[in-house]
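Data block below; observations after.
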Amino acid sequence: MSSICAIIGPNRLSSLTDTITAGLITGIDFDKLISIVIFMICIYITSAIFDFCASFTMATSANKLAKGLRTNISKKINKLPLRYFDKHSFGDILSRVTNDVDTIGMTISQNLGSFTSAVTLLVACVIMMFCTNWIMAITAICTSLIGFGFMFFVLRKITEVFQ
């Protein structure tokens with residue numbers, strides 16, 4: 001929802017610009033201008049609220065996952081025979097486990113939410129591009145695909161040179 005609201009905002013900004021431009025000739029309609037500005041403020045506040053909720057949800061989920069991992073690892077460590085701890089220091093084992101679980105939790109908390117938001121934003125942008133002007137949308141998508149194809153070709157040649 002945050003990404004969708006972030007896409008709607010610039011679309012309404014074009015309405016604001018059109019209203020101001022038309023008003024330069026005939027006189028600015030301040031009631032329409034104020035309604036557009038209030039709508040945009042509401043959209044951006046809604047976007048910020050949804051973004052906060054998504055971040056909070058991802059952080060909570062990642063912490064619950066990390067807690068579950070720590071619990072399972074603790075059960076596993078408690079089942080290890082004593083001779084294992086004679087060969088390995090407990091602090092070394094504990095620091096490895098703690099660091100790994102923290103890394104997993106932070107990665108999930110930060111990257112999964114960003115990935116979901118980025119995919120939603122990409123899809124919403126493509127839809128909005130087609131709603132605005134389908135010819136320019138197709139041109140932009142084709143140009144991007146050609147650019148990615150050229151980039152992969154160049155990267156393949158560079159890796160062949162360095163192998």
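The values are calculated or read from the model by the stated rules, or taken from the named source; none is laboratory data. Predicted model only: the values in this text are computed from it and were never measured. We place every Cβ from the backbone using ideal geometry, glycine too, and count neighbours over all the protein chains shown. Side chains included, ligands, DNA and RNA excluded: accessible areas come from the protein's heavy atoms. Shrake-Rupley method; radii C 1.70, N 1.55, O 1.52, S 1.80 Å.
What number of residues within segment 1-13 are in a helix (DSSP H, G or I), open to solvent by 60 Å² or more (accessible area, probe 1.4 Å) and in contact with a helix residue (DSSP H, G or I) (Cβ under 6 Å, 6 or more places away or on another chain)? So that I can check it myself, show each step before the final result.
Applying the first criterion (in a helix (DSSP H, G or I)) to segment 1-13 yields 2-13.
Checking which are open to solvent by 60 Å² or more (accessible area, probe 1.4 Å) leaves us with 4, 10-13.
Checking which are in contact with a helix residue (DSSP H, G or I) (Cβ under 6 Å, 6 or more places away or on another chain) leaves us with 4, 12.
Here the count works out to 2.
Tell me which residues, restricted to segment 14-46, are touching a residue at least 12 places away in the same chain (Cβ under 8 Å), within 29 Å of the chain's Cα centre (by Cα) and open to solvent by 90 Å² or more (accessible area, probe 1.4 Å).
Correct list: Tyr44 only.
Residue pairs, Cβ under 8 Å, 6 or more apart or interchain, first in segment 115-131 and within 13 Å of Met1 (Cβ to Cβ), second open to solvent by 60 Å² or more (accessible area, probe 1.4 Å). List them.
Sorted first by the residue in segment 115-131, then by its partner, the pairs are Ser117/Asp51; Thr120/Ile4; Ala124/Ile4.
Going by the conditions given, is Ser47 among the polar types (S, T, N, Q), at pLDDT 85 or above, in contact with a Ser or Thr (Cβ under 7 Å, 6 or more places away or on another chain) and at negative phi?
yes
Checking Cys131 against (1) touching a Leu at 6+ places or on another chain (Cβ under 9 Å); (2) open to solvent by 90 Å² or more (accessible area, probe 1.4 Å), which single condition isn't satisfied?
The one condition Cys131 does not meet is (1).
Restricting segment 67-95 to residues that are of a type in the set (Gly, Ala, Ser) and either over 20 Å from Met106 (Cβ atoms) or in contact with a helix residue (DSSP H, G or I) (Cβ under 9 Å, 6 or more places away or on another chain) (or both), which is surrounded by the most Cβ atoms within 10 Å (Cβ to Cβ)?
From segment 67-95, those of a type in the set (Gly, Ala, Ser) are 68, 74, 89, 91, 95; that's our starting set.
So of that shortlist, the ones also either over 20 Å from Met106 (Cβ atoms) or in contact with a helix residue (DSSP H, G or I) (Cβ under 9 Å, 6 or more places away or on another chain) (or both) come out as 74, 89, 91.
Values: Ser74: 12, Ser89: 10, Gly91: 8.
For segment 67-95, the residue satisfying everything is Ser74.
For segment 47-60, enumerate the residues that are open to solvent by less than 80 Å² (accessible area, probe 1.4 Å) and more than 14 Å from the chain's Cα centre (by Cα).
Answer for segment 47-60, where residues must be open to solvent by less than 80 Å² (accessible area, probe 1.4 Å) and more than 14 Å from the chain's Cα centre (by Cα): just Thr60.
Going by the structure shown, is Thr143 of a type in the set (Ser, Thr, Tyr), open to solvent by less than 100 Å² (accessible area, probe 1.4 Å), free of Cβ contacts under 8 Å to residues at least 12 places away in the same chain and within 30 Å of Leu13 (Cα to Cα)? Let's see the steps before the verdict.
Numbers: of a type in the set (Ser, Thr, Tyr): yes; open to solvent by less than 100 Å² (accessible area, probe 1.4 Å): yes; free of Cβ contacts under 8 Å to residues at least 12 places away in the same chain: yes; within 30 Å of Leu13 (Cα to Cα): yes.
The answer is yes for Thr143.
Output the number of the condition that Gln110 fails; it satisfies all remaining conditions of (1) over 18 Å from the mean Cα position of the chain (by Cα); (2) open to solvent by 60 Å² or more (accessible area, probe 1.4 Å); (3) modelled with pLDDT under 80; (4) not aromatic (Phe, Trp, Tyr).
Exception for Gln110: condition (1).
Among (1) touching a residue at least 40 places away in the same chain (Cβ under 8 Å); (2) farther than 30 Å from Asn11 by Cβ, there is one condition Val97 misses while meeting the rest; what is its number?
(1)
Can you tell me which residue among Ser74, Ser61, Ser95, Ser47 is part of a helix (DSSP H, G or I), under 30 Å from Leu16 (Cβ atoms) and of a type in the set (Gly, Ala, Ser)?
Matching residue, one of Ser74, Ser61, Ser95, Ser47: Ser47.
Please specify each residue of segment 21-48 satisfying the condition of being more than 16 Å from Asn11 (Cα to Cα) and in contact with a helix residue (DSSP H, G or I) (Cβ under 8 Å, 6 or more places away or on another chain).
Correct list: Gly23, Ile28, Asp29, Ala48.
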